[in-house]
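To start, the structure under review is shown below, and the notes come after it.
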Amino acid sequence: MDLPLDDSNGLVNLRNLAVTLENLPDDKTVPIVLVPGFSGWGGPLFGAINYWGGIENIPKLLMERGYTVIVTPIGPLSSNWERACELYRQLTFGKFSCFNPATNEIQEFHDVPIDYGNYFNSDPSGPLYTKTRGRKRAILFSQSPQDYVDVEWKWSEDRKVHFICHSQGGNTVRYLVSLMKLGARDLHPEYFGTGGRDTWTVSVTTLGTPYKGTTIIDVLRNFIANTTEQAVKLLARSFAVVSFQSPENRAYDLQLDHWGICRQDKEPNGRESFQDMRERLESSPGPVSKWYCSKNNAFYDNSIEGVRDLHMKAISASTHVYYFSLSFHSTIPFPCYWPSWTAEALNTFPIKLVDFARKLLYSIPVVNIGAWIIDRILEEVANTLGWPIVLSLVSFREFVRWATQAVVNRLLDEINYDVTLPLPGKYLPRIDVFPFMLPTVYAMAGQELSQDQKDILGRNLGDWYLNDGIVNTESMRGPDDSIVRNISGFPISSINGEGGRGLYWHFGVNNQMDHVDEIGVFIEEYTVSFFQLRT
């Protein structure tokens, strides 16, 4: 049964395509590799919160339906080069940490060595070391783990995979597939010494990936524009806390040990105290400031400029791979009208409009002659027509913008608050947005593109104010509009032919889900009920 694939909701199109293809052979022997985005992790955070599912466990649910899932705990704040190397090594290591469905626990191992090749050799802003060890194994969810563990399963031509990627994970996999296709002998002869291996990947599906970058980076930069030094110190202290323990004992692993962001040995014998480590990380120049100010981190790689650099290094798509993308936003339009409570609010203004008008007019000598006439007119007219006239001259958004820029931000500056509140834009956050992303949705809806960014993005900019709290909706379709197609044109009748590969099939936009909803971290019941109802 062929269902329509032109619904305004991208998730409905995804469901309809799945129903349409349900009679095709379902090869569950091909593993699904889940690749996290910025700040993502592998095993449950604090033993309870899954990156894929939140309080639910999506990999386990897929496993119970007969699929094999591999969760990849790559560096949460690292560059796409580092993440691509880590992802390749985890999939070719031959050993896994396995999920035990009887106990719902994962016995994690930290014994994966990573080699970053020669990529940083000529870069003075690169890490201290180009090799590291003791990294986490990928996590295997399978009803038949012996088929992977006993034979030391490794990613290869005969053992292909599907990739499902969230956020930055999509650009990481794009880079990895490009390296597999083209090779990178000079940069990494061990991992990417030969090309032609993009055939190891069957499909890549992305959720909220910043294929053209995201303005959240600019929002963060604007927020800390005058406090970079303080921001580095705050980061350093946070990094010291989470990285003081050895990797296997960390609740959240930044995986930045090769940058020197870890506890180090101290001569003659012993190890750094927490105070010594914190002071070292806070120093300037120090490992955290070097990392943060370089172009070798996720902050830069997710910016519009950073993704432009990726475009110059990586192919957009492989002709051997199916690509699917989903876009999201979690906004409502900023009201263009004054709310109904405006009149009541204005009546509580510290000075009445009639008093303001009287004071103004009485300051003019000639007008004082007819004072009693003026008073009569003001009492009869100003109170009934004054505010409506003012409201007709300025929009509500313009008023809020003025109040933020001319009053609040100037006050913050005067009392030495080194922050700048964002100006209102075209949209407001939906009521069910993840609470920590309410300010980011708001700020991105008013973040202007610079001229340099406009030049990078080209003429067909689209709406760069629409966003899901972390990524601009306009950026999620694919890396290059020339190879993006609407899913309604997907060649279902000849799915195994050449026409379906090498293009990004865009399911459309869902306007109910924010950046964490996309991976099942639902906060509001309304979002969950809507999602279940429509899919």
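Looking at Gly134, is it of a type outside the set (D, E, K, R) and outside any strand (DSSP E or B)? Spelling it out, it is not the case that Gly134 is of a type outside the set (D, E, K, R) and outside any strand (DSSP E or B). Test of understanding: among Thr215, Thr206, which residue is buried (at least 23 other Cβ atoms within 10 Å of the Cβ), among the hydroxyl-bearing types (Ser, Thr, Tyr) and more than 25 Å from Trp291 (Cα to Cα)? Answer to the check: Thr206. Scanning segment 408-420 for residues that are open to solvent by 70 Å² or more (accessible area, probe 1.4 Å) and either modelled with pLDDT of 85 or more or out of contact with any helix residue (DSSP H, G or I) (no Cβ under 9 Å at 6 or more places or on another chain) (or both) returns Arg410, Leu411, Asp413, Glu414, Ile415, Asn416. Residues that are open to solvent by 40 Å² or more (accessible area, probe 1.4 Å), in contact with a Ser or Thr (Cβ under 9 Å, 6 or more places away or on another chain) and not in a helix (DSSP H, G or I) within segment 6-38 comprise Asp6, Lys28, Thr29, Phe38, listed in sequence order.
Cys165 fulfils the conditions (1) within 22 Å of Ser482 (Cβ to Cβ); (2) hydrophobic (A, V, I, L, M, F, W, C); (3) in contact with an Asp or Glu (Cβ under 9 Å, 6 or more places away or on another chain) except for a single criterion, (3).
Could you grab me the full set of residues in segment 470-485 that are at pLDDT 95 or above and within 18 Å of Thr215 (Cα to Cα)? Listed by number, the residues that qualify are Ile470, Val471, Asn472, Thr473, Glu474, Ser475, Met476, Arg477, Gly478.
Filtering Leu533, Leu461, Leu423 for residues that are among the aliphatic types (A, V, I, L, M), at pLDDT below 95 and open to solvent by 70 Å² or more (accessible area, probe 1.4 Å) leaves a single hit, Leu533. Whether a residue is open to solvent by 40 Å² or more (accessible area, probe 1.4 Å) and outside any loop (DSSP other than H, G, I, E, B) was assessed, and Met312 passes this test.
Starting from residues that are among the polar types (S, T, N, Q) and in contact with a Leu (Cβ under 6 Å, 6 or more places away or on another chain), keep the ones in segment 444-493 and report whichever is farthest from Val219 (Cα to Cα). Checked segment 444-493; the qualifying residue farthest from Val219 (Cα to Cα) is Ser488.
Restricting to segment 263-304, name every residue that is buried (at least 17 other Cβ atoms within 10 Å of the Cβ), in contact (Cβ under 8 Å) with a residue 60 or more places away in the chain and in a helix (DSSP H, G or I). The answer is Pro287, Lys290, Trp291, Tyr292, Ala298, Phe299, Tyr300, Asp301, Ile304.
Residues of segment 114-126 include at least one that is of a type outside the set (Val, Ile, Thr), at positive phi and either touching a Gly at 6+ places or on another chain (Cβ under 7 Å) or touching a residue at least 24 places away in the same chain (Cβ under 8 Å) (or both). Note on segment 56-100: among residues that are of a type in the set (D, E, K, R) and open to solvent by 20 Å² or more (accessible area, probe 1.4 Å), the one that is modelled with the lowest pLDDT is Glu56. Answer yes or no as to whether Ser482 is polar (S, T, N, Q) and surrounded by fewer than 21 Cβ atoms within 10 Å (Cβ to Cβ). Yes; evaluated as a whole, the condition is true for this residue.
Checking each residue of segment 507-524 against the condition of being part of a helix (DSSP H, G or I), free of Cβ contacts under 8 Å to residues at least 40 places away in the same chain and more than 30 Å from Thr319 (Cβ to Cβ) gives no match.
Here Leu438 fulfils each of the conditions (1) within 21 Å of Cys165 (Cα to Cα); (2) touching a Gly at 6+ places or on another chain (Cβ under 9 Å); (3) open to solvent by 40 Å² or more (accessible area, probe 1.4 Å) apart from (1).
Ser475 - would you say it is buried (at least 23 other Cβ atoms within 10 Å of the Cβ) and either hydroxyl-bearing (Ser, Thr, Tyr) or free of Cβ contacts under 8 Å to residues at least 24 places away in the same chain (or both)? Answer is yes for this residue.
Checking each residue in segment 145-155 for being open to solvent by 30 Å² or more (accessible area, probe 1.4 Å), in contact (Cβ under 8 Å) with a residue 40 or more places away in the chain and not in a helix (DSSP H, G or I) picks out Pro145, Glu152, Lys154. Annotation: Ala48 fulfils all but one of (1) in contact (Cβ under 8 Å) with a residue 24 or more places away in the chain; (2) open to solvent by less than 70 Å² (accessible area, probe 1.4 Å); (3) over 26 Å from Tyr211 (Cβ atoms); the unmet one is (1). Scanning segment 182-193 for residues that are touching a residue at least 60 places away in the same chain (Cβ under 8 Å) and open to solvent by 70 Å² or more (accessible area, probe 1.4 Å) yields a total of 4.
Selection within segment 228-262: residues that are farther than 29 Å from Thr420 by Cβ and in contact with a Pro (Cβ under 6 Å, 6 or more places away or on another chain). The member of this set that is surrounded by the fewest Cβ atoms within 10 Å (Cβ to Cβ) is Gly260.
On the basis of being in contact with a Pro (Cβ under 7 Å, 6 or more places away or on another chain) and under 24 Å from Glu305 (Cα atoms), does Tyr442 make the cut? Considered against the rule, which asks whether it is in contact with a Pro (Cβ under 7 Å, 6 or more places away or on another chain) and under 24 Å from Glu305 (Cα atoms), Tyr442 comes out as yes. Among the residues of segment 490-514, those that are among the small types (Gly, Ala, Ser) and open to solvent by 20 Å² or more (accessible area, probe 1.4 Å) comprise Ser493, Ser494, Gly497, Gly499. Taking first residues from segment 160-172 that are on the phi > 0 side of the Ramachandran plot and partners that are assigned to a strand (DSSP E or B) and among the aliphatic types (A, V, I, L, M), the Cβ contacts under 8 Å between residues at least 6 apart in sequence or on separate chains come to Ser167/Leu207.
Any chance you could count how many residues in segment 68-125 are polar (S, T, N, Q), touching a strand residue (DSSP E or B) at 6+ places or on another chain (Cβ under 9 Å) and under 26 Å from Gly183 (Cα atoms)? Looking only at that region, the number is 2.
The values are calculated or read from the model by the stated rules, or taken from the named source; none is laboratory data. Just so it is clear, the model here is predicted, and its values are computed rather than measured. Positions of Cβ are generated from backbone atoms using ideal geometry, with glycine treated the same way; all protein chains shown enter the neighbour counts. Ligands, DNA and RNA are stripped out before the accessible areas are found, and what is left, the full protein with its side chains, is counted by its heavy atoms. Shrake-Rupley method; radii C 1.70, N 1.55, O 1.52, S 1.80 Å.
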